[in-house]
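Shown next, in structure tokens, is the structure this report addresses.
Readers should treat all values here as calculations from the given coordinates under stated rules, not as data from a laboratory. Please read these numbers as outputs of a predicted model, since none were measured by experiment. Here the Cβ positions follow ideal geometry from the backbone for every residue, glycine too, while neighbour counts run over all protein chains shown.
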Amino acid sequence: MTPANRVFIIDDDSAVRDAVATLVESVGLHANCFADADTFLAEYRGGTPGCLISDVCLPGTDGVQLQRILKERRIEIPLIVISAHGDIPMAVEMVRRGAIDFIEKPFRNHVLLERIHEALEKAERRHREYMADAQQRAHLASLTPREKEVLPLLIDGHANKIIARELSLSPRTVETHRANILRKMHADSVTSLARVLTPDLWQG
Amino acid sequence: MEPSLASLAYALPTTGAALAWAWTLRSLRRARNELDASRADHARAMHHQDSHGTLFRTLFDAAPECIKVQTVDGRLQRINTAGLTLLETNDPARVIGQPVVNFIAPEYHDAYHRLSEVVCSGEPASMEFELITLHGRRCWLETHAVPLYGDEGRITGLLAVTRDIDERRRMTRELEEQRNRLHTIIESEPECVKLHDRDGRIMEMNRAGLALLNASHNDAVIGHSMYEFLCPAYQADYRALTENVFRGQRQCMEFEVLTSDGETRWLESHAAPLVSPDGQVTAVLAITRNIEERKRYEQRLREQRDELAHVCRVSTLGELSSGLAHELTQPLCAISSYAQSAAALLKCDTNDKHDRLDPMLQKIVAETERANAIIQRLRDFVRKKAPRPTSVDTRQLIADSLELVEAERRRSRVSIDVSLPHDLPDLWVDRIQIQQVILNLLTNALQAIDETPDAEHRIALSTTIEQDAVRISLRDYAAGVRDDVRQQLFVPFFTTKTSGLGMGLALSRSIAEAHGGRLWYEPANPGSAFHLEVPMADRT
């Protein structure tokens, strides 16, 4: 699987943009620079694991609006806010809404790098989860309608006899369903299946 | 006979009842001619003599002036009707045969005797004296007397023509009083009053004027030229003033003089033409006062305004400070990051170290210059310097002002549309002060937009080229200025803002006016328009 190594940088000041890019590239990461949020939004393609460094005060769409748009579009990219002195209240607001951190300009390279690595780890984790979720979704799609009825009851920890009564089936049939489900879902036990299956996956 | 009549003519006064005199003279001359003729052929024309006698008597009695004849021993022999009227009688018997001296006020008796002697020796003479009428009233008279010759060529008496000069005496006295009064007024006038001619030669100057020039005596000034005292810088202007006054105009001018003991002094002169009765300008009449005090006051005022301008610039910067800090942070941030990246790179063990370090260091230098330029701009703006107009690139001036509000503009998300004509002339202004005015107008507009919900986030900056000035206009689309505020817009310490000195527009207007320009407000729909007009630099 691809490691998260892409850093998107939005700052209207070209020198700051370039300095951050220089820093990012010095540790072997890829930098993509944008002078404003609108250009970023137009060019960003989901699915690339990476993190976003954005200034708060931007021409056109500002940092706070950008964060809202990302949420609306369900783009879950870890966000680091960099801001000059005057913009701190806005930066704090962005952290409250889920940004990883805000770093005041001028920043210490190592502090920014720490946050970048943190953000990239988060991105990677999210990416992994996303990929895992996608796998689970594929597995779930292979279940028969009856198996899909049995699955939630299994995860809730009910015994075969109880499930059989609930669905008016023989305990033996339920046992067959359980074996098929575990096989299709690539799980060794119901307990491990319950751990990887988030409710929104099988309930949705 | 000839000399006496000639003398009579000579003795005739040139002023006064000229017609009457002409009449008298003509009549007498004619009478003399007649008499001459009759004397030349006495026997042949006896009957003529008779008619001549009648003519003479008629003339004598009809003359409007007093004509009298007195004997050599001083008695009144004949007197005409006008003479009797002067003596306030119509009865010749009351005066004929009386000594003439009886009718003359005692203080003139000596003079009268001297006159009689002169005339009796054959010379004409005249005198002014007071007559005492038969009613005892005094009356001023002027008399011209000539000897009267008998047939044998001997002097037989005095013929005197006398007239009432009471009126003239009174007028002369009044004139003298008037002159004295005028002289007293002018001399006691606290301001310098002087007259000088077209070349600047001082004809008259009062005591206050002497004091203004620290001159101890008239001689140090009267007859001297104005230009001995006037400082050289003002001489050309003063010559122009003099010419204008000689063209009939009133003029006013401020100048410095060098007093006779070497002190310079500020004076202000109001000059008017002195016009002779025939309408010619004969001199410059100038009233001049010491304006040292006022000049010092103006200087103090100017210094205070500069001081205030400085304070306001500092306060404007205070308002802009967070934006400016932001502005400075960007290059500092970049510099710091480049430097750390470079330092980190040094510790790495790569071959391309130098190739990668070089651009970083160069970028550090470039960003340092950028930060320095921002600081320089601020320092120029705040620095307290005596205002001095120079030729200033209008485009650059506007660009610099926009730079200073750039952070604020970005924060307020306002776009500033700048439309400048291609052939924009330079301005003749103090760069910092006019920048302050533009900056003030820009920050006002930005604040107005911030405070107006739903305002269009736009400012239009444009210029118009006038006759010899450039107008810089700033238009916003915010709420505009309320009617009740409009009157006080330019009043010092008037403000609608919770923070702020209320000096911005007041000071801006005073700066514009000190440049010989103006600053005014026009309501726009929607929003406000402010116009600043300042002189353009000479295009040559």
Sorted by chain and then number, the residues having a modelled amide H within less than 5 Å of the amide H of B:Y149, at least 5 places away or on another chain, are B:T156
The pairs in A:K122/A:K184; A:K122/B:K353; A:K71/A:K122 lying past 24 Å Cα-Cα in this model are A:K122/A:K184; A:K122/B:K353
Might you report the magnitude of the Cβ-based charge dipole of the protein assembly as shown about its Cα centre, with Lys and Arg at +1 and Asp and Glu at -1, to the nearest 20 debye?
2300 debye
In this structure, the FRET efficiency calculated for B:A93 and B:R170 from their beta-carbon separation, with R0 = 30 Å, to the nearest 0.05, is 0.35
How would you order B:215-226, B:521-532 from highest to lowest mean count of nearby Cβ atoms within 10 Å?
B:521-532, B:215-226
Alpha carbon centroid spacing (whole Å) that separates segment B:504-520 from segment A:113-132
60 Å
Enter the angle in degrees (range 0 to 90, nearest 10) between the Cα long axis of helix B:166-188 and the first principal axis of the Cα atoms of chain B, meaning the one along which they spread out most.
30 degrees
Just checking the output field for A:100-113: average partner chain Cβ neighbours within 10 Å of each residue's Cβ?
3
Using the number of other C-beta atoms within 10 angstrom as an exposure proxy, rank B:C139, B:C192, B:C348 with the fewest first.
B:C348, B:C139, B:C192
Test item: B:355-361 mean partner chain Cβ contacts at 10 Å
1
Please compute the contact order of chain A in relative form: average sequence separation of alpha-carbon pairs under 8 Å and at least six residues apart, divided by the residue count, as a percent.
15 percent
Net charge near B:V470 (other residues with Cβ under 10 Å of its Cβ; Lys, Arg +1; Asp, Glu -1) is -3
Sparse-neighbour loop sites [trypsin sites (Lys or Arg not before Pro); segment B:172-275; at most 14 other C-beta within 10 Å; DSSP]:
B:R198, B:R247, B:R250
Straight-line reach only, C-alpha to C-alpha below 17 angstrom: list the aspartates and glutamates that B:K194 could link to, leaving out same-chain residues fewer than 8 apart.
B:E204, B:D219, B:E228, B:E243, B:E254, B:E256, B:E268
Which whole-number percentage describes the relative contact order of segment B:93-201, with Cα contacts under 8 Å and a sequence gap of 6 or more?
17 percent
For the residues B:D450, A:D18, what sequence is obtained by ranking on other C-beta atoms within 10 Å, fewest first?
B:D450, A:D18
Tell me, what HN-Hα J-couplings in whole Hz come from the Karplus equation 6.51 cos²θ - 1.76 cosθ + 1.60 at θ = phi - 60° for each residue of segment B:430-439, using x for Gly and Pro?
7, 4, 5, 5, 6, 4, 4, 5, 4, 4
Taking only C-alpha pairs under 8 Å that are 6+ residues apart, what is the relative contact order of segment B:299-535 in percent?
17 percent
Loop GluC sites (Glu not before Pro), segment B:188-295 (other Cβ atoms within 10 Å of the site Cβ: 12 or fewer; DSSP):
B:E263
In whole Hz, the Karplus estimates of ³J(HN,Hα) for segment B:523-528 (6.51, -1.76, 1.60; θ = phi - 60°; x where Gly or Pro) are x, 10, 10, x, x, 10
In order through segment B:224-238: 3J(HN,Hα) via Karplus (6.51 cos²θ - 1.76 cosθ + 1.60), integer Hz, x for Gly, Pro:
7, 8, 3, 6, 5, 9, 6, 5, x, 4, 9, 5, 4, 4, 5
Folded to 0 to 90 degrees: helix B:504-514 orientation relative to chain B principal axis, Cα
50 degrees
For the protein assembly as shown, what class follows from the C-alpha gyration tensor (a ≥ b ≥ c being the square roots of its eigenvalues): rounded when a/c is under 1.5, otherwise prolate if a/b is larger than b/c, else oblate?
prolate
Sites B:N351 and B:S419 - FRET efficiency at Förster radius 56 Å, r taken between beta-carbons, to 0.05:
0.55
Taking B:Y149, B:Y297 and counting other beta carbon atoms within 10 angstrom, the fewest-first order is B:Y297, B:Y149
